[in-house]
1. If you restrict to DSSP beta bridges whose two residues both lie in the range 2-123, what percentage is antiparallel, to the nearest 5?
2. Set the Förster radius R0 to 25 Å, insert the Cβ-Cβ distance between His102 and Val34 as r into 1/(1 + (r/R0)^6), and round the FRET efficiency to 0.05.
3. Give the calculated FRET efficiency between Leu94 and Arg63 to the nearest 0.05, with a Förster radius of 25 Å applied to their Cβ-Cβ distance.
4. Report, in deg cm²/dmol and to the nearest 500, the calculated mean residue ellipticity at 222 nm for the chain, where each DSSP H run with n ≥ 4 adds -39500 (n - 2.57) and the sum is divided by the residue count.
Amino acid sequence: MAVRGIRGAITVDANEESSILAATGQLMHELIAVNELHADDVASVIITVTHDLDAAFPARAIRAIEGWDLVPLLCSNEIPVPGSLAKCVRVMMLVNTEKSIHEVRHVFLGGAAALRPDLRAEAK
């Protein structure tokens, strides 16, 4: 078993609590499904948001997923690089898994699909 990092990102329609939580939930459900994850296998999740998203903590959406309420979560701001993607939630999960680095599936949804086309699940 190894610890693997699983990446994901999604853009949010508006800086509103409901939009941030819905997008984060959508991203996490997709990451969980494509990687066949169980909360007990997750060491931690780091969530960043761009500076234009401050209406809600995206970690709330993850804690609302059944069984994920005890997973260590940390929210932070993304570095505000000029010209970078706006209204974006990024996730990096550290997961204990038997999967190789090549079997892990990363998920980039909405406008975030442009961030890392080399890591997207469809590119594998």
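1. 65 percent
2. For R0 = 25 Å, the calculated efficiency reads 0.95.
3. 0.90
4. My calculation for the chain gives -6000 deg cm²/dmol from helical runs alone.
Read-outs throughout are calculated quantities, based only on the coordinates presented, and are distinct from any laboratory measurement. These figures come from a predicted structure and were not determined experimentally. Cβ coordinates were reconstructed from backbone atoms using ideal geometry, including for glycine residues, and neighbour counts include every protein chain displayed.
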